[in-house]
1. Among the listed residues 41, 18, which satisfies the condition of being in a helix (DSSP H, G or I) and at pLDDT 90 or above?
2. Does residue 41 satisfy being surrounded by fewer than 14 Cβ atoms within 10 Å (Cβ to Cβ) and farther than 14 Å from residue 108 by Cβ?
3. What residue, of 129, 148, is touching a helix residue (DSSP H, G or I) at 6+ places or on another chain (Cβ under 8 Å) and either under 30 Å from residue 37 (Cα atoms) or not assigned by TED's automatic domain parsing to the domain that holds residue 223 (or both)?
4. Within region 155-182, can you find the residues that are part of a helix (DSSP H, G or I), closer than 17 Å to residue 233 by Cα and under 25 Å from the mean Cα position of the chain (by Cα)?
5. Please name all residue pairs, on different chains or six or more residues apart, with Cβ atoms under 6 Å, provided the first residue is in region 119-140 and is free of Cβ contacts under 8 Å to residues at least 24 places away in the same chain and the second residue is assigned to a helix (DSSP H, G or I) and surrounded by 13 or more Cβ atoms within 10 Å (Cβ to Cβ).
6. Check off (1) at pLDDT below 95; (2) crowded, with 16+ Cβ neighbours inside 10 Å for residue 219 and give me the number that stays unchecked.
7. When you look at residue 81, is it over 30 Å from residue 186 (Cβ atoms) and more than 20 Å from the chain's Cα centre (by Cα), yes or no?
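The values are calculated or read from the model by the stated rules, or taken from the named source; none is laboratory data. All values reported here derive from a predicted model rather than from experimental measurement. Positions of Cβ are generated from backbone atoms using ideal geometry, with glycine treated the same way; all protein chains shown enter the neighbour counts.
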């Protein structure tokens, strides 16, 4: 990669762009907004804290040699958040690498609550486990459910049409501003944008062109150059070769 520096994207800002490390915004966005709300749904913090305490207590038990291995996950995750400070503040998907560490800690917390020391604590601990778990799932889903909304229902209609009118092994070229959501709805392999000229894309194997919300220009231009398999206000499907 270093032999072709022009191909390396700008990345220095990911570490501490704007000197954001250890500022109030740093702690708020990473630990309160992303970790507390987005990933753990508030209530998962309780289970996480129980897991941290449980893991910490294992450090004093000599026969638990694997404790240092599990602790390294936590330390590595914290170092990652600190080193790649701006990237983690800027984008929520940068927290994906810390998910294994969180899962381990939640597992320790769950194991502790499901196996308490006495019968009285068993009822309370089991209750806490179910409250933490169910509330975490509920509040996290409440927050992220909009991520799964399809704001343009026509891509679903167009995708179903492509799936119905083209062979299963056909390769599709979709026009939807480079968004792969439309291509996904077609259930076909293909391209979500023009990587070359249309003629070259045909040479690469593109069989059909699908346009969602086509305009009059689409119909009078490409629509007259290629055979129209289907044309509606929602979509235009063109066959790119005989």
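1. Residue meeting the stated conditions: 18.
2. no
3. Only one candidate qualifies: 129.
4. 155, 156, 157, 158, 159, 160, 182
5. Close Cβ pairs (under 6 Å, with a partner that is assigned to a helix (DSSP H, G or I) and surrounded by 13 or more Cβ atoms within 10 Å (Cβ to Cβ)) amount to 125/113.
6. The failed condition is (2).
7. Criteria not met by residue 81.
Residues checked against (1) in contact with a strand residue (DSSP E or B) (Cβ under 7 Å, 6 or more places away or on another chain); (2) surrounded by 15 or more Cβ atoms within 10 Å (Cβ to Cβ):
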| position | (1), (2) |
| --- | --- |
| 136 | no, yes |
| 149 | no, no |
| 156 | no, yes |
| 167 | no, no |
| 172 | yes, yes |
